[in-house]
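Trainee: Below you will find the structure I want to go over with you.
Each value in this text was obtained by applying a stated rule to the coordinates, not by laboratory testing. Keep in mind it's a predicted model, so treat the numbers as computed, not measured. Here the Cβ positions follow ideal geometry from the backbone for every residue, glycine too, while neighbour counts run over all protein chains shown.
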Ligand SMILES: [Zn+2]
């Protein structure tokens, strides 16, 4: 039992779905369950034992890789600096993001065992008696990454070059949100393009690149559209934050219908304006000494893959030559 255990759960971004509004929940749940069954029967996804937790087949991974190559190609002229981080990051940095204030229900933290041999004997004995042994674990130094841009900001502490910096990030994110809906995973990958710099540049980046990401997703044959959206903030204060976010259009999502008219579509990508939130909390300044602004595009790689399956069918070999070519599958 020396391995850290991941308990509670984490994320924002492309993973935010508009709430079901137009149909009885039971119809929507049935449609989600049916899609899940179809994916498992096709072998594209493999049931990994918890809702929202799946293995991926080689073919599914080929599609995910193709989506990543396609967005990388689409935004190649940004000359983004390519960086990859682990799916866990330091607890103090997680603290700095304020994620726990807004999304306690999605957070995932790592616990580890640091006790004595006597503690270990008590843990083993509790386990042998079928009792809860998690009390012998304590919070480790790391928290699960809720959005792939979060491990970046501490690395940027200090003064940015004129013109700011642009990054290409990708990796696994976690959100504690078990669901029958295969569009809602607990562990999934995002690819993000992040600009950190002047407020005007970050705003322009968000709007201009959002147009291009929509075009890229339409090119894949998806029935995609952009909507103003809000993150799933927790609680009553959260509802106010969500209203502000909507009013400011700080978050745009690219949504695709997955369950027909049963809901308002599922977000597969997002474009987010952070203002100076990360610049101020992580001590990132522009050349004039003011806190930097940031914005990011996030592609939900599994969500896009699943939207493609929903649109073009489970037989990936039969997808149109144009789509296969865009995904480098041809
Ligand atoms: Zn981000």
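Trainee: Would you mind telling me which residue in 92, 104, 257 has the biggest mean-square fluctuation in a Gaussian network model of the chain, where springs connect alpha carbons within a distance under 10 angstrom?
Mentor: In this elastic network of the chain, the residue with the biggest mean-square fluctuation among 92, 104, 257 is 92.
Trainee: Over the Cα atoms of the chain, each weighted equally, I'd like the Debye log10 I(q)/I(0) at q = 0.07 Å⁻¹, rounded to two decimals.
Mentor: With no solvent term, the Cα-only Debye profile gives -0.30.
Trainee: Return the inverse of the average 1/r over all pairs of distinct C-alpha atoms in the range 262-330, which is the Kirkwood hydrodynamic radius, in Å to one decimal.
Mentor: Computed over Cα pairs of the range 262-330, the Kirkwood hydrodynamic radius comes out at 15.2 Å.
Trainee: Further question on the same structure: Subtracting the Cα-Cα distance from 0.36 nm times the residue separation, let me have the gained length for residue 72 to residue 157 in nm, one decimal.
Mentor: 28.0 nm
Trainee: Order by neighbour count: 201, 132, 47, fewest other Cβ atoms within 10 Å first, most last.
Mentor: Least crowded to most crowded, the residues run 132, 47, 201.
Trainee: Continuing with the same structure: Pop the C-beta distance of residue 65 and residue 138 into the FRET formula with R0 = 30 Å and round what comes out to the nearest 0.05.
Mentor: 0.20
Trainee: Where does each of 142, 266 land when they are ranked from fewest to most other beta-carbon atoms within 10 angstrom?
Mentor: 142, 266
Trainee: Hey, another quick one. With a 10 Å Cβ neighbour count serving as the proxy for reagent exposure, in which order, fewest first, do 194, 88 appear?
Mentor: The fewest-first ordering by Cβ neighbours comes to 88, 194.
Trainee: Taking 30 Å as R0, compute the FRET efficiency from the Cβ-Cβ separation of residue 30 and residue 315 and round it to 0.05.
Mentor: 0.80
Trainee: Report the full-extension gain for the segment residue 330 to residue 46: residue separation times 0.36 nm, less the Cα-Cα distance, to one decimal in nm.
Mentor: Stretched fully, the residue 330-residue 46 segment lengthens by 99.8 nm.
Trainee: Using 0.36 nm per residue of separation minus the Cα-Cα distance, give me the extension gain between residue 125 and residue 277 in nm, one decimal.
Mentor: Fully extending the segment from residue 125 to residue 277 adds 50.0 nm.
Trainee: Give the distance, in whole Å, between the Cα centre of the range 154-210 and the Cα centre of the range 274-330.
Mentor: Cα centroid to Cα centroid, the span is 8 Å.
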